[in-house]
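Accompanying notes for the structure given below.
The values are calculated or read from the model by the stated rules, or taken from the named source; none is laboratory data. All figures in this text were calculated on a predicted structure; none of them were measured in a lab. A quick note on method: Cβ atoms are made from the backbone with ideal geometry, for glycine too, and the neighbour counts reach across all protein chains shown. Calculation scope for accessible area: heavy atoms of the full protein, side chains included, ligands and nucleic acids excluded. Shrake-Rupley method; radii C 1.70, N 1.55, O 1.52, S 1.80 Å.
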Amino acid sequence: MTTRTSSAALLLYGATGDLAQRMLLPSLFGLDADGLLPADFRIIGTARSDMDDAGFREHAADALKRFIDSDRLTKDAVARFLARLSYVTADVSDPAGFTRLAEAVPDKGELSIFLSTAPSLFAATIAGMDAAGLAGPDVRLALEKPLGHDLASSRQINDAVKSVFPEERTFRIDHYLGKETVQNLLALRFGNALFEPMWNAQGIEHVQITVAETVGLEGRIAYFDGSGSLRDMVQNHMLQLLALVAMEPPSQFDAAAVRDEKVKVLRSLRKIGPADAARHSVIGQYGPGAVGGAPVRGYADELGHASDTETFVALKAHVDNWRWKDVPFYLRTGKRLPARQSEIVIQFKPVPHSIFATGGAVLRPNKLVIRLQPEENIRLLMMAKQPGLDREGIRLREIPLDLSMANAFADVRRRIAYERLLLDLIEGDPTLFVRRDEVEAQWEWIDAIRQGWEANCMTPKPYAAGTWGPSAAIALTERDGVSWHD
């Protein structure tokens, strides 16, 4: 087993940004409050905003008040956390800023760096840190998405990273992998004898993965319109979920074994190219409608001009290997949908023969629903006898067996996904981070889809905000006799 040393400090780029306020600073506070950070651990924030240490601590204190329950914000815990913080104003175009950062880092050899900036600044930032002595042999670098907009640009970013930080010290973040229920998927599959014998083409009819949002652009206009839902959601979050559902059992739960199996799945994805794009993919863009009972504008109105960017994607995918032969994976994601939910649905095959048919009982195939958000829940839908004297034959009803994570572990605080990921970064555990070959396999599949759209002159179909996307998305599954799990 590899011996890892905890970092003595975290250098946080983009420390005044939205992600830092909503997720990173609250997560670091949570780790500190639970005694999980090293005693002398330092957090050095940096951004272009001009402020001093006191100003950054005030900024952080405000973030804690807004995003953490007040009963956790004890005076001593807040004071201890704020004392760890310092700040350096720096611009990547100014070499003096990197010099100031180097002077502020207490031990340049035991450092973790979290890069939450625009990808266009990655190369210059990494080169500047290297020149300032901030990229020593034990320094770890975490990168927030997006890592490029296609395979070529992703390789450029990865090459720039590799020139300074080797793969074993590069931590690419997909925050979905930090969610408890995502990790529980591995426990569900590989920690129980019940499911694994049926987790294949003999036992499973199809798989659905949905990541639905009720929000629109929400201040991400420049980024999203140049990206679209396929790049923003499918390329990373949804393909990572698919890989975890479809992967073979790793030899052990460590970074190399888990990520090796995920890569095999991603490389086995059947290409959706020009010949299949029109039949196996649907793209849409929301128009005016209502979400949560309130009227909302259409995408073009929010944007201020017409656009061919997709805000909805539905795909029919296949993993071409023995385990998953001919099992469709239906993926769906979109903005301005009726509900905010992320879930995985495993539809098992029906029993081969019903002994209850003479009584008129209708059997439904078992279904496993793994809900990631808004509440984390695992539900198994199965058939049971309805109470009664059965004078006209046995009557059956589908009933749920629920494992609510909040109830099952009521005595354990539910953590922000970034808490786990930040702690793993600080301690040097890369298991829940994404490896370069994973990213590039994902982009290769995504690029083929976009080429298929272009070859078929496909443009987004309109759908009203507050609905489940274009009607063609319903047809995508119903051609196979399948309905979306809404």
Portion, in percent, of the accessible area of the chain that falls on carbon or sulfur, probe 1.4 Å: 52 percent
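Give me the percent relative contact order of the chain, please, defined on Cα pairs under 8 angstrom at least 6 residues apart. Spell out each step's value before the answer.
Values: 883 pairs, mean separation 90.1, N = 486.
Here the relative contact order equals 19 percent.
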The range 198-298, relative contact order in percent, only Cα pairs under 8 angstrom and at least six apart counted: 16 percent
Taking the range 9-144 and dividing mean pair separation by its residue count, relative contact order in percent (alpha carbons under 8 Å, at least six apart): 30 percent
Å² per residue, accessible surface of the chain at 1.4 Å: 45 Å²
Dipole in debye (nearest 20) - the chain, about Cα centre, beta carbon charges: Lys, Arg +1; Asp, Glu -1: 1320 debye
Span-rule helices in the chain, defined as complete DSSP H runs reaching 24 Å or more along the axis (Cα) with Kyte mean at least 0.0: none
Alpha-carbon Debye profile of the range 9-144, log10 I(q)/I(0) at 0.10 Å⁻¹: -0.30
Contour excess over end-to-end distance, with Cα ends at Asp486 and Asp437 and 0.36 nm allotted per residue: 14.3 nm
Per-pair calculated FRET efficiency, R0 = 41 Å: Asp130 and Asp40 via Cβ, rounded to 0.05: 0.95
Extension gain from Leu403 to Glu103, taking 0.36 nm per residue of separation minus the Cα-Cα distance: 103.0 nm
DSSP bridge pairs, the chain: antiparallel proportion in percent, nearest 5: 60 percent
Value of [θ]222 nm, deg cm²/dmol, for the chain, DSSP H segments ≥ 4, -39500 (n - 2.57) each, nearest 500: -9500 deg cm²/dmol
For Cα Rg over 2.2 N^0.38 Å, calculated from these coordinates, the label among (1) 0.96; (2) 1.01; (3) 1.05: (3)
Two-site label geometry, Val215 and Ser163: point separation in nm, points 7 Å out along Cα→Cβ: 3.4 nm
